[in-house]
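Written out below as structure tokens is the structure these notes cover.
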Amino acid sequence: MELDVWEYVVTDDWIFYRSFTGSWGDHSRPLGNLHRIGFDGTQNILLSDELIVSSILVVNNALLATVYAGREDDVDAPWHEAVVLSEDGDVVKTLGGGWHGHNSFIDIQQLANTNMVMIIRDGAVRGLYCTATGAIFSL
């Protein structure tokens, strides 16, 4: 089956992928819509055409993402938020936010060999999220 896959992650139950929808200028990461598909290629659905995803990550079976969360004053560096998503693509928890553009960015990364996710803003770790307990730690 041919899919428009830009990035994908796998949980115990699903494959989640984002399809390319565009980008915010030459200096911003590509944006996409989040889809979910079964391992056998069935149940391929677009979870939301309103949720614009810039990155996805799975840690300890928790689905995390950075998503465009536009604000009125967006010009060249749109506001993004690091979030935890349900299997249906709904935002369950917001972990932090920041501008994502030419001189700033927001990202999430797994802390190696742990259940912890680092919330990174402008090159520095600003918080930690434990996928096992759901606790958020500010730094």
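None of the figures in this text is laboratory data; all of them are computed from the coordinates on show. Fair warning: this is a prediction, and the values are worked out from it, not measured in the lab. Note that each Cβ is placed from the backbone with ideal geometry, even for glycine, and that neighbours are counted across all protein chains shown.
Using the Karplus curve 6.51 cos²θ - 1.76 cosθ + 1.60 with θ = phi - 60°, work out ³J(HN,Hα) for each residue of segment 81-97 in order, rounded to whole Hz, and write x for Gly and Pro.
So the Karplus estimates, Gly and Pro as x, are 10, 8, 9, 9, 10, 7, 5, 8, x, 7, 6, 8, 8, 9, 9, x, x Hz.
Considering amide H positions built from the backbone, and no H for Pro or chain starts, which residues 5 or more places from residue 6, or on another chain, come under 5 Å of its amide H?
Amide H to amide H, under 5 Å and 5 or more residues apart or across chains, residue 6 pairs with 18, 19, 20.
What FRET efficiency, computed as 1/(1 + (r/R0)^6) with R0 = 30 Å and r the Cβ-Cβ distance, is obtained for residue 114 and residue 5, rounded to the nearest 0.05?
0.60
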